[in-house]
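Bear in mind that the values in this text are calculations on the coordinates, not laboratory data. Because the structure is predicted, anything quoted here is derived from the model rather than measured. So basically every Cβ, Gly included, is an ideal-geometry build from the backbone, and we count neighbours across all protein chains shown.
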Amino acid sequence: MKVLICGHRGMLGTDLMIRLGVDHQVIGRDIDEIDITSYDSCEETISSIGPDLVVNAAAFTDVDACESRREACFAVNADGVANLALVCRNRGIKLVHFSTDYVFNGIKNSPYNEDDPCDPLNVYGLSKLEGEQKLQGAGCDYLLIRTAWMFGKNGKNFVQAILSKASANPVLEVVDDQQGCPTFSPDLSEAVSRLIAGSHSGIFHVTNSGQCSWFEFARQILKTAGIRNVEVRPISSDKLARPACRSSYGVLNNEKYSLATGHTLRHWKDALAAYLKAVGH
């Protein structure tokens, strides 16, 4: 197929270009080439390329900045999705889009299924939920993938932040009251490839296997990187006083994906080791 990837220079977009490029003709467009907040820009780009499939990896992902930049956040994460979905509907093209565990409130305390009720706690989550709703309401064929805690070589991420802080600080304080699923972007890209190959539609949760707190994640990062002279101390989220509220539990249930594809993503600790090796740690 001819596949258009919007946001192809981002963390996920870069890995999607690599993985989907093995089996398909992939064409990337980023923020300087397509403005997804403009219907006309989406229409012009998609009509000129004529893709068989559109993958939207573009998003406003700075969770705290979304609190003060609500309009810009919704323009990309909600209106932009609607624009792509409407153009895809009109042209009979399937749209692959990505969402987040932030659409849930964390009260469940057991892994979230695809059909669990959504109740975001912050502006970012609200914008992503509205994007989901506009995608589902547009009438196009869609594949909606919710993921979480993503890290990869081609963008800012938690692993990089911990390694950077560890190089300058003997003690790190990391929250231990938020549980989630770290996800390695190349592994997510492999999952996307499998879902596309199987012509799957609807909502799927996709993360690496296992779960942890940010505190446990940080300790494992240092352990795997062989950094022994830095202490990681657990703190509560309220000590950070960040603009955006975070849920205490965002673990996603991947069973639907595994049943559909016969594939299970490796444990996040193994994915972390692969990432560190790839970046030279």
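Using the Karplus curve 6.51 cos²θ - 1.76 cosθ + 1.60 with θ = phi - 60°, what ³J(HN,Hα) values do you get for each residue of the range 239-255, in whole Hz, with x for Gly and Pro?
6, 7, 6, 7, x, 9, 6, 10, 6, 7, 8, x, 6, 9, 8, 9, 4
For the chain, which cysteines have no second Cys with its Cβ under 4.7 Å from theirs?
6, 42, 118, 181, 212, 245
Using a Förster radius of 35 Å, what is the FRET efficiency between residue 239 and residue 1 based on their Cβ-Cβ separation? Nearest 0.05, please.
That gives a FRET efficiency of 0.10.
Report, in deg cm²/dmol and to the nearest 500, the calculated mean residue ellipticity at 222 nm for the chain, where each DSSP H run with n ≥ 4 adds -39500 (n - 2.57) and the sum is divided by the residue count.
Using -39500 (n - 2.57) per qualifying helix, the result is -12000 deg cm²/dmol.
Quick one: if the Förster radius is 30 Å, what FRET efficiency do residue 116 and residue 22 give, using the C-beta to C-beta distance and rounding to 0.05?
0.35
Starting from the Cα-Cα distance between residue 71 and residue 281, subtract it from 0.36 nm times their residue separation and give me the gain in nm to one decimal.
Contour length minus the Cα-Cα distance gives 71.7 nm.
Between the range 199-238 and the range 69-97, how many Å separate their Cα centres?
30
Multiplying the sequence separation of residue 270 and residue 33 by 0.36 nm and subtracting their Cα-Cα distance, what value in nm do you get?
Result for the pair: 81.7 nm of gain on full extension.
What is the fewest-to-most order of 112, 124 by other Cβ atoms lying within 10 Å of their Cβ?
The most exposed by this proxy come first: 112, 124.
Pull up all non-local amide H partners of residue 151: gap of 5 or more, or a different chain, and H-to-H distance under 5 Å with H placed in the peptide plane.
Placed amide hydrogens put 183, 184, 185 under 5 Å from residue 151.
Using the Karplus curve 6.51 cos²θ - 1.76 cosθ + 1.60 with θ = phi - 60°, work out ³J(HN,Hα) for each residue of the range 16-25 in order, rounded to whole Hz, and write x for Gly and Pro.
Per residue, the Karplus-derived 3J(HN,Hα) values read 5, 4, 5, 6, 5, x, 5, 10, 9, 7 Hz.
What does the charge count near residue 118 come to, summing +1 for each Lys or Arg and -1 for each Asp or Glu among other residues with Cβ under 15 Å from its Cβ?
-3
What is the angle, in °, between the Cα long axis of helix 39-49 and the longest principal axis of the Cα atoms in the chain? Nearest 10 is fine, range 0 to 90.
Tilt relative to the chain: about 80 degrees.
Taking H as built 1.01 Å from N, whose amide H comes closer than 5 Å to the amide H of residue 112, not counting residues under 5 places away?
Here 251, 252, 253 satisfy the definition.
Give me the net charge for the shell around residue 235: Cβ to Cβ below 15 angstrom, other residues only, Lys and Arg +1, Asp and Glu -1.
Summing Lys and Arg as +1 and Asp and Glu as -1 gives 0.
Under 5 Å between amide H atoms, partner at least 5 residues away or on a different chain: which partners does residue 235 have, H built in plane at 1.01 Å?
174, 175, 176
Using θ = phi - 60° and the Karplus curve 6.51 cos²θ - 1.76 cosθ + 1.60, what whole-Hz ³J(HN,Hα) does each residue of the range 57-67 get, with Gly and Pro shown as x?
9, 8, 6, 8, 10, 7, 4, 6, 5, 4, 4
So for each of 203-212, 134-143 I average, over its residues, the number of other beta carbons within 10 Å; can you give me the resulting order with the highest mean first?
203-212, 134-143
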